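Notes for the one structure printed next.
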Amino acid sequence: MTDEPTHLTVMVFPGTQTLPIFVAQARGYFSKRGLIVILKPAPNSEEQRTGLAAGRYQIVHGAADQCVALVEAAKIDAVIVAGGDNGFNHLFVQPEIARIADLRGRTLVADVANTGWSFVLYDILKRHGISRGDIVIHEAGAPFRRFEAMRDDKTMAAAILNPPFAVHARRAGLKDMGAVVDSVGPYLGTVPYALRSWANANAETLTGYLASYIEGLRWILDPANRAEAIRLVGVRLNIPTDIAMEVVATATDPIHGLAKDAAFDLEGFKTVLRLRADFEGRSPEPPEKYFDLSFHRLALAGL
């Protein structure tokens, strides 16, 4: 690395999935590798994708399907550079909804109607006999906006939410219909992705970023750091200690938590591609088209 630090602007949806980044910032893992990371909270996935394409952000952490959308819909050569998690998402409905089949004819809240978790939602509905044409989608953006839409407007019948917003939703009396992966199977949720041209031109910077992220991830998964992790999460997400405890418990769950060393879940990614292809009425593309794990391997080798 050069003596001058490298500035990176990274757009994320703050929540359980960003804990390793918070740790890497707080414990100096980025700075020791000559990186200054400025985090920007995403208002929605649209800004995340267009901002990456325009160079406003060098790296983004978002749903794996968002990277696929960037490649296929916008024809921008973006690439997933590591794994992350299964999204930690649960389907929430208004308390009077007894079963998923009752969502026919109702308005459901999504980030946007044609990417990522919307495809998961449509797949769950299809399993209960409801087609895309049987519902109305209200596009609200980020998870906190989806939660607020359901809390403040009882005509908003359902949404997919992850912690801490899933915790807020349960406390607000919304009904938890369970983890979405229990319905759709293995699923690759939040991942880091970048423009392929930027990644190749800045391989050392990207490798350093991923090494710092993995170091933060290892710290958060170490039970010895639990109390400090809860305090950090409370401060960074501006949530009370009891909710911070739930967020850390979700992140560190040995089966459904953050992927150890940001390992890439190929089977989960195949589900992502299958759901998008089902929605578009075609066969899935080969998964290798959308990821390059060489930077991840270099990062691990240097730790």
Assess whether Gln25 counts as being closer than 20 Å to Leu161 by Cα and in a helix (DSSP H, G or I).
no
Do we have any residue at all in the range 66-74 that's within 15 Å of the chain's Cα centre (by Cα), among the polar types (S, T, N, Q) and closer than 24 Å to Ala259 by Cα?
yes
Residue list for the range 241-280, filter: open to solvent by less than 70 Å² (accessible area, probe 1.4 Å), part of a loop (DSSP other than H, G, I, E, B) and either among the hydroxyl-bearing types (Ser, Thr, Tyr) or out of contact with any strand residue (DSSP E or B) (no Cβ under 7 Å at 6 or more places or on another chain) (or both)
Thr252, Asp253, Gly257, Leu258, Ala259, Ala263, Asp265
It is to be established whether one or more residues within the range 75-91 are part of a strand (DSSP E or B), over 22 Å from Leu266 (Cα atoms) and touching a Ser or Thr at 6+ places or on another chain (Cβ under 6 Å).
no
Among residues of the range 185-231 being open to solvent by 10 Å² or more (accessible area, probe 1.4 Å), β-branched (Val, Ile, Thr) and part of a helix (DSSP H, G or I), the residue farthest from Arg49 (Cα to Cα) is Ile230
For the range 87-126, which residues satisfy the criterion of being in contact with a strand residue (DSSP E or B) (Cβ under 8 Å, 6 or more places away or on another chain) and among the polar types (S, T, N, Q)?
Asn89, Gln94, Thr107, Thr115, Ser118
Answer yes or no as to whether Lys126 is within 30 Å of Glu204 (Cβ to Cβ) and free of Cβ contacts under 8 Å to residues at least 24 places away in the same chain.
no
Would you confirm, using the coordinates I've provided, whether Ile97 is assigned to a loop (DSSP other than H, G, I, E, B), free of Cβ contacts under 8 Å to residues at least 60 places away in the same chain and open to solvent by less than 30 Å² (accessible area, probe 1.4 Å)?
no
Which condition number in (1) in a helix (DSSP H, G or I); (2) open to solvent by 70 Å² or more (accessible area, probe 1.4 Å) is the one that His296 fails?
(2)
If we keep just the residues of the range 144-184 that are in a strand (DSSP E or B) and touching a Pro at 6+ places or on another chain (Cβ under 6 Å), which is least open to solvent (accessible area, probe 1.4 Å)?
Leu161
Tally up the residues in the range 1-16 that are in contact with a strand residue (DSSP E or B) (Cβ under 6 Å, 6 or more places away or on another chain), closer than 25 Å to Glu246 by Cβ and open to solvent by 20 Å² or more (accessible area, probe 1.4 Å), please.
1
Please tell me if Leu206 is over 30 Å from Ile100 (Cβ atoms) and touching a strand residue (DSSP E or B) at 6+ places or on another chain (Cβ under 9 Å).
yes
Among the residues of the range 17-56, write down those that are modelled with pLDDT of 95 or more, crowded, with 21+ Cβ neighbours inside 10 Å and hydroxyl-bearing (Ser, Thr, Tyr).
Thr18, Tyr29
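The values are calculated or read from the model by the stated rules, or taken from the named source; none is laboratory data. Being a predicted model, the structure only gives us computed values, none of them experimental. No Cβ is skipped: glycine too gets one built from the backbone with ideal geometry, and neighbour counts run over all protein chains shown. To get the accessible areas, we keep the full protein, side chains included, count just its heavy atoms, and leave off ligands, DNA and RNA. Shrake-Rupley method; radii C 1.70, N 1.55, O 1.52, S 1.80 Å.
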